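The values are calculated or read from the model by the stated rules, or taken from the named source; none is laboratory data. All figures in this text were calculated on a predicted structure; none of them were measured in a lab. Because the Cβ atoms are built from the backbone with ideal geometry, glycine has one as well, and the counts that use them run over all protein chains shown.
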Amino acid sequence: MHSPEFAWFSQTFRIAVLAAVGVLAAFGQQAPHGLKVEYLENPMGIDVARPRFSWQLGHDQRGQKQTAYQILVSTSPEVKTGDLWDSGRVESTQSVHVVYNGKPLASAQTCYWKVRWWDSAGKPSPYSEAARFEMGLLNPKDWKGTWITGGGQLRKEFVIKGAPTRARVYIAGLGYYELRINGRKVGDHVLDPGWTTYPRRVLYVTYDVTSYLRQGPNAVAVMLGQGKFDGRVLLFQLNIDTQGGEKRLEIASDTSWRVHPGPIVSDSVYDGETYDARLETPGWDMPGFSDAAWKPATAAEAPKGELSAQMMPPIRVVDTILPLKMTSPKPGVYVFDMGQNFSGWVRLRVRGPRGTEVRLRHAELLYDDGTLNVENLRTARATDVYYLRGDPNGEVYEPRFTYHGFRYVEVSGYPGTPKPGDVMGAVVNSDVAATGGFAASKPILNEIQRLVYWGTRSNLHSIPTDCNQRDERMGWMADAHLAAESAIYNFDMAAFYTNFLRNIRDVQASDGTVTDTVPHVWGRRPADPAWGAAYPLMAWYMYLYYGDRRILEQHYEGIKAWTDFLKSRAEDGIVRYYYYGDWVPIERTPGPLVSTFYYCWSADITARAALILGKTDEAEEYLKLAASIRQAFHREFFNPATGSYANGTQTASLLPLYLNIVPDNLRSAIQSDLIGDIVYRNNTHLTTGIVGTKYLLPFLTRVGRSDLAYELATQTTYPSWGYMISRGATTLWELWQEKTGPSMNSHNHPMFGSIGAWLYSALAGINPDAGAPGFERIRFEPQVVRDLQWVSGSIQTARGEVSCAWRREEQKLRIEITVPVGSEAELRIPKLGRDVVTITESGKPVWNKSAFQSGVPGVTGAKEEKQAVLIQTGSGRYVFEMQ
Ligand code: BGC
């Protein structure tokens with residue numbers, strides 16, 4: 001019940017809101033917001049010569065559209081004029097990826113920018129607030145220092161004569177670095193920089209360190225870990241401007257730096273870190289520290305790769321977890337259950353005698369007696385060891401240069417009994433923004449969403465990894481592309497995948513081959529065709545979901561070369577080589593069928609990309625190639641005697657159906673076989689490996705069997721996602737089987753997580769449209785199936801929020817959708833097998849017994865289809881009800 005005060009308040013509030021809306025109407029549109037440059041907010045240190053700008057225009061305006069924009073880019077923070085670039089008024093609906101077209105940008109240049117827009121009535125908005133971006137070091141000669149090495153700790157002191165007004169650090173420290181200035185850690189990145197193919201590329205990171213420096217003596221200090229580089233080297237550049245315009249001071253890495261081993265006795269991503277706090281050198285990161293006993297740094301061989309700006313969300317401690325419970329399976333041994341499999345480490349609080357050795361072992365599993373089962377980590381020791389310095393006030397330790405995939409941690413050697421808060425989980429992964437939300441009335445779907453969410457994020461460590469725990473954690477390419485759409489629905493993956501695609505290009509050889517893992521450590525060259533498919537597919541997803549045409553431009557030649565390589569290996573249109581095929585299935589499918597499927601798809605994507613880029617001759621060439629592969633596929637794998645493809649597994653039937661390889665006259669027979677195999681032979685279970693699983697639910701949905709897809713999705717007996725959940729999974733397993741032991745059975749492997757995308761695309765019905773990619777056109781096709789009562793899904797796209805929520809109400813279906821300004825949508829309202837009488841929007845009739853009723857703002861059309869009523873809208877929030 002509202003109190004009278006509340007009623008008064010809300011009344012006043014409403015009047016105020018109405019007044020504000022009135023003011024807006026009188027003065028035009030709201031200013032753009034959410035300004036981004038190359039997918040990043042106010043990025044520091046980018047090395048794209050012609051960066052792209054994006055902005056958002058809100059979502060609650062019916063049928064509103066941008067008709068023109070103006071961008072100003074300036075050297076001054078106020079952006080009074082566009083002294084670097086004034087786009088002028090450009091008639092365009094484009095609000096995403098507008099390419100900078102002003103004066104050439106110099107190394108380290110700071111740029112400020114603003115944008116305004118004109119709406120459909122031709123009214124201009126005010127300018128947005130100013131945003132900024134800053135260029136990195138664009139020329140190799142900007143780097144004055146040399147690569148140095150010599151120890152885990154490196155330091156340099158220097159004096160700044162005037163007050164510092166602007167200071168930037170550019171740092172490439174391999175494998176990992178931690179930068180400290182005057183006693184403070186700079187920034188909040190961990191496990192930085194991202195892992196690349198170092199002989200081809202090394203990422204450097206830019207920091208604004210103005211506030212860390214002061215007039216007088218200063219010290220910079222760097223800790224180095226091995227990471228995936230297997231060594232410790234540093235390239236460092238600090239440029240300082242001071243008041244009074246004195247000559248710029250440049251501090252760079254050279255052999256005048258002093259080095260010392262430091263307290264990190266050993267560090268390995270897989271084995272863990274040993275930290276001896278007795279070896280700390282207090283004050284080493286401050287000026288005035290006596291480093292007489294330290295050695296001079298030695299020159300290191302440069303890692304050779306091109307220096308590139310790191311332009312993606314860094315790895316951070318993104319969350320902390322309080323353990324669910326502590327047990328003590330043996331005296332002095334404590335096992336903590338974090339309740340969740342995740343990536344990261346333990347933040348340990350401890351007090352005890354100097355030199356006490358505390359050991360932290362990490363595992364995904366326990367034995368029945370409550371002790372740690374580390375067998376499936378294989379050779380990864382996943383053990384952190386901390387030797388206390390003996391501080392009577394207690395000490396806190398967390399490792400720097402390792403991470404673990406775990407749910408359980410065993411603490412031994414702890415002085416006394418740990419109390420709540422002494423052992424905390426630090427969640428560590430690439431800090432991609434969580435931009436999706438999905439929930440449904442069926443609890444198991446929310447559990448699956450949770451598995452996908454944690455499985456995805458815990459496998460983002462500057463590259464997408466296969467797993468987070470054992471001696472592997474590689475950028476296995478099939479795992480990456482099979483989980484990519486799920487990742488994209490749940491997180492902002494644009495900058496992360498932009499980087500990964502460049503990593504893929506970095507491993508590509510002149511014969512077009514790519515490798516099973518990127519960077520290439522495990523697996524082979526050439527990649528299994530299903531693994532190498534990550535190159536065309538992930539580039540395509542960047543186009544489809546983020547509207548990124550530049551990615552296609554940059555990678556077109558590479559994708560084409562990969563397709564051409566497959567062609568060179570094909571015999572009569574069939575690619576026979578494979579290593580893994582439809583990996584870890586219940587029923588095996590012949591590898592050549594899977595390889596040829598991806599060969600066909602690579603040719604398709606090459607053709608599509610050629611078309612988009614205006615290369616019509618090549619588009620035609622690859623379309624022909626794809627058509628010939630389709631024929632070859634059918635000739636080779638279809639067996640007229642059995643009426644099925646190859647050995648008739650679900651994957652063998654599904655893949656040719658999915659890519660329209662099956663001739664029209666056989667379609668329904670193959671489809672019935674597939675469905676029969678699922679329903680009758682396997683009692684509504686899938687038998688697919690990672691490849692088949694990715695396409696099975698989307699295919700069933702596409703052909704009107706979302707009910708069956710839903711049954712598979714909500715299945716709880718083996719093999720199914722529900723089975724994993726019923727066995728206590730908190731992330732996706734590597735295998736459908738519940739396995740433990742020293743073999744291949746990771747309990748956090750995102751590759752079966754493809755179902756995550758299906759939750760959004762089918763149940764919440766949110767789909768991009770290749771004809772107007774990046775959600776400029778949205779296809780809402782919610783599947784109102786079986787016992788599902790309601791679903792709610794939303795994603796943040798480059799244009800703003802897109803959401804769809806539906807609910808069954810008595811005799812009614814209610815659907816709410818959100819379409820950002822700058823987008824349009826098609827909503828397919830399912831008829832649920834009964835005659836629809838009316839569809840209303842916020843109470844007003846839109847469609848009535850097969851006729852569109854005009855007059856609802858923003859709704860531009862409606863027509864009856866076989867299974868649904870198709871409604872066309874512009875931007876806005878809409879509430880449709882179907883009766
Ligand atoms: C990895 C994978 C990978 C596979 C290749 C495994 O060891 O963990 O997920 O795709 O090898 O077959």
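Just one of Val220, Val265, Val259 is over 23 Å from Trp143 (Cα atoms) and in a strand (DSSP E or B); which is it? Full working, then the answer.
Details: Val220 fails: over 23 Å from Trp143 (Cα atoms); Val259 fails: over 23 Å from Trp143 (Cα atoms).
Being over 23 Å from Trp143 (Cα atoms) and in a strand (DSSP E or B) holds for just one of Val220, Val265, Val259, which is Val265.
One line per residue, one yes/no per condition, for (1) free of Cβ contacts under 8 Å to residues at least 60 places away in the same chain; (2) crowded, with 19+ Cβ neighbours inside 10 Å; (3) touching a Leu at 6+ places or on another chain (Cβ under 6 Å):
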position	(1), (2), (3)
Tyr39	no, yes, no
Met44	no, yes, no
Ser54	no, yes, no
Arg62	no, no, no
Tyr69	yes, yes, no
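Could you check how many residues of the stretch 206-238 are within 20 Å of Ala297 (Cβ to Cβ) and not aromatic (Phe, Trp, Tyr)? Talk me through it step by step, then tell me what you get.
Quick first cut of the stretch 206-238, residues within 20 Å of Ala297 (Cβ to Cβ) only: 217-227, 229-238.
Next, only the ones that are not aromatic (Phe, Trp, Tyr) stay: 217-227, 230-235, 237-238.
Number of matching residues: 19.
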Index of the failed condition, Ser726 passing every other in (1) touching a residue at least 12 places away in the same chain (Cβ under 8 Å); (2) out of contact with any Leu (no Cβ under 6 Å at 6 or more places or on another chain); (3) closer than 23 Å to Gly455 by Cβ | (1)
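Can you find even one residue in the stretch 585-592 that is assigned to a loop (DSSP other than H, G, I, E, B) and of a type in the set (S, T, N, Q)?
Just the residues of the stretch 585-592 that are assigned to a loop (DSSP other than H, G, I, E, B), to begin with: 585-590.
Subset that is of a type in the set (S, T, N, Q): 589.
Yes: the stretch 585-592 contains one or more residues that are assigned to a loop (DSSP other than H, G, I, E, B) and of a type in the set (S, T, N, Q).
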Please work out if Lys624 is without any contact (Cβ under 8 Å) to a residue 12 or more places away in the chain and assigned to a helix (DSSP H, G or I).
-> yes
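For (1) aliphatic (A, V, I, L, M); (2) within 18 Å of Glu824 (Cβ to Cβ); (3) touching a strand residue (DSSP E or B) at 6+ places or on another chain (Cβ under 6 Å), each residue gets a yes or a no:
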position	(1), (2), (3)
Pro51	no, no, yes
Lys65	no, yes, no
Val79	yes, no, yes
Gly82	no, no, yes
Ser87	no, no, yes
Asn101	no, no, no
Pro104	no, no, no
Lys114	no, no, yes
Ser125	no, no, yes
Inter-residue pairs, beta-carbon under 6 Å, first among the aromatic types (Phe, Trp, Tyr) and in the stretch 478-496, second part of a helix (DSSP H, G or I) and within 16 Å of the ligand (Cβ to nearest atom), 6+ apart | none
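More than 16 Å from the ligand (Cβ to nearest atom) and either within 30 Å of Asn499 (Cβ to Cβ) or touching a Ser or Thr at 6+ places or on another chain (Cβ under 8 Å) (or both), is that true of His404? Before the answer, list the steps.
Working: more than 16 Å from the ligand (Cβ to nearest atom): yes; either within 30 Å of Asn499 (Cβ to Cβ) or touching a Ser or Thr at 6+ places or on another chain (Cβ under 8 Å) (or both): yes.
Yes; evaluated as a whole, the condition is true for this residue.
Please pick out the residue among Arg808, Arg779 that is assigned to a strand (DSSP E or B), out of contact with any Phe, Trp or Tyr (no Cβ under 9 Å at 6 or more places or on another chain), more than 16 Å from the ligand (Cβ to nearest atom) and charged (D, E, K, R).
Numbers: Arg808 fails: out of contact with any Phe, Trp or Tyr (no Cβ under 9 Å at 6 or more places or on another chain).
Testing whether each residue is assigned to a strand (DSSP E or B), out of contact with any Phe, Trp or Tyr (no Cβ under 9 Å at 6 or more places or on another chain), more than 16 Å from the ligand (Cβ to nearest atom) and charged (D, E, K, R) leaves just Arg779.
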What number of residues within the stretch 858-878 satisfy the criterion of being assigned to a loop (DSSP other than H, G, I, E, B) and at pLDDT 95 or above?
-> 3
Which number in (1) surrounded by fewer than 18 Cβ atoms within 10 Å (Cβ to Cβ); (2) under 35 Å from the mean Cα position of the chain (by Cα) marks the one condition that Ser308 misses?
-> (1)
Among the residues of the stretch 497-518, write down those that are more than 15 Å from the ligand (Cβ to nearest atom), of a type outside the set (A, V, I, L, M, F, W, C) and either under 21 Å from Phe229 (Cβ atoms) or within 16 Å of the chain's Cα centre (by Cα) (or both).
-> Tyr497, Thr498, Asn499, Arg502, Asn503, Arg505, Asp506
Selection within the stretch 431-445 - surrounded by 14 or more Cβ atoms within 10 Å (Cβ to Cβ) and either in contact with a His (Cβ under 6 Å, 6 or more places away or on another chain) or farther than 30 Å from Val269 by Cβ (or both) = Gly437, Phe438, Ala439, Ala440, Ser441, Lys442, Ile444, Leu445
Go through the stretch 474-485 residue by residue and tally those that are near the ligand (Cβ under 9 Å from one of its atoms) and part of a loop (DSSP other than H, G, I, E, B).
-> 1
Which ones in the stretch 151-193 are of a type in the set (Gly, Ala, Ser) and either farther than 20 Å from Ala300 by Cβ or out of contact with any His (no Cβ under 9 Å at 6 or more places or on another chain) (or both)?
-> Gly162, Ala163, Ala167, Ala172, Gly173, Gly175, Gly183, Gly187
Given (1) closer than 30 Å to Leu224 by Cα; (2) surrounded by fewer than 18 Cβ atoms within 10 Å (Cβ to Cβ), index of the condition Lys103 fails | (1)
For Gly231, all conditions in the list (1) in a loop (DSSP other than H, G, I, E, B); (2) under 25 Å from Asp391 (Cα atoms) hold save one; what is the number of the exception?
-> (2)
Residue by residue through the stretch 519-531, note down the ones that are surrounded by 24 or more Cβ atoms within 10 Å (Cβ to Cβ) and away from the ligand (no atom under 12 Å from the Cβ).
-> Pro529
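Pick out, from the stretch 487-558, the helices (runs of 4 or more DSSP H) lying fully within it that include 3 or more residues that are over 21 Å from Phe597 (Cβ atoms). Reasoning before the result, please.
On the way: elements: 494-507, 529-532, 534-546.
Of the helices (runs of 4 or more DSSP H) lying wholly inside the stretch 487-558, those with at least 3 residues that are over 21 Å from Phe597 (Cβ atoms) span 494-507, 534-546.
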For the stretch 675-694, does any single residue satisfy the condition of being under 25 Å from the mean Cα position of the chain (by Cα) and aliphatic (A, V, I, L, M)?
-> yes
Name every residue in the stretch 670-712 that is buried (at least 18 other Cβ atoms within 10 Å of the Cβ), within 20 Å of Leu763 (Cα to Cα) and aliphatic (A, V, I, L, M), in order of residue number.
-> Leu686, Leu696, Leu697, Leu700, Leu708, Ala709, Leu712
What is the residue count in the stretch 732-753 for residues that are near the ligand (Cβ under 10 Å from one of its atoms) and of a type in the set (Gly, Ala, Ser)?
-> 1
Scan the stretch 574-621 for residues that are within 16 Å of the ligand (Cβ to nearest atom) and among the basic types (Lys, Arg) and report the count.
-> 1
Name the single residue, out of those in the stretch 559-573 being surrounded by fewer than 23 Cβ atoms within 10 Å (Cβ to Cβ) and either of a type in the set (Val, Ile, Thr) or in a loop (DSSP other than H, G, I, E, B) (or both), that is farthest from the ligand (Cβ to nearest atom).
-> Asp572
Search result, residues across the stretch 643-694 that are touching a strand residue (DSSP E or B) at 6+ places or on another chain (Cβ under 6 Å) and outside any helix (DSSP H, G or I) = Tyr645
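Got a sec? Which of Met326, Met311, Met338 is among the aliphatic types (A, V, I, L, M), touching a residue at least 12 places away in the same chain (Cβ under 8 Å) and not in a strand (DSSP E or B)?
Details: Met326 fails: not in a strand (DSSP E or B); Met338 fails: not in a strand (DSSP E or B).
The match here is Met311.
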Failed item, numbered, when Pro536 is tested on (1) within 16 Å of the ligand (Cβ to nearest atom); (2) surrounded by 19 or more Cβ atoms within 10 Å (Cβ to Cβ); (3) within 26 Å of Tyr645 (Cα to Cα) | (1)
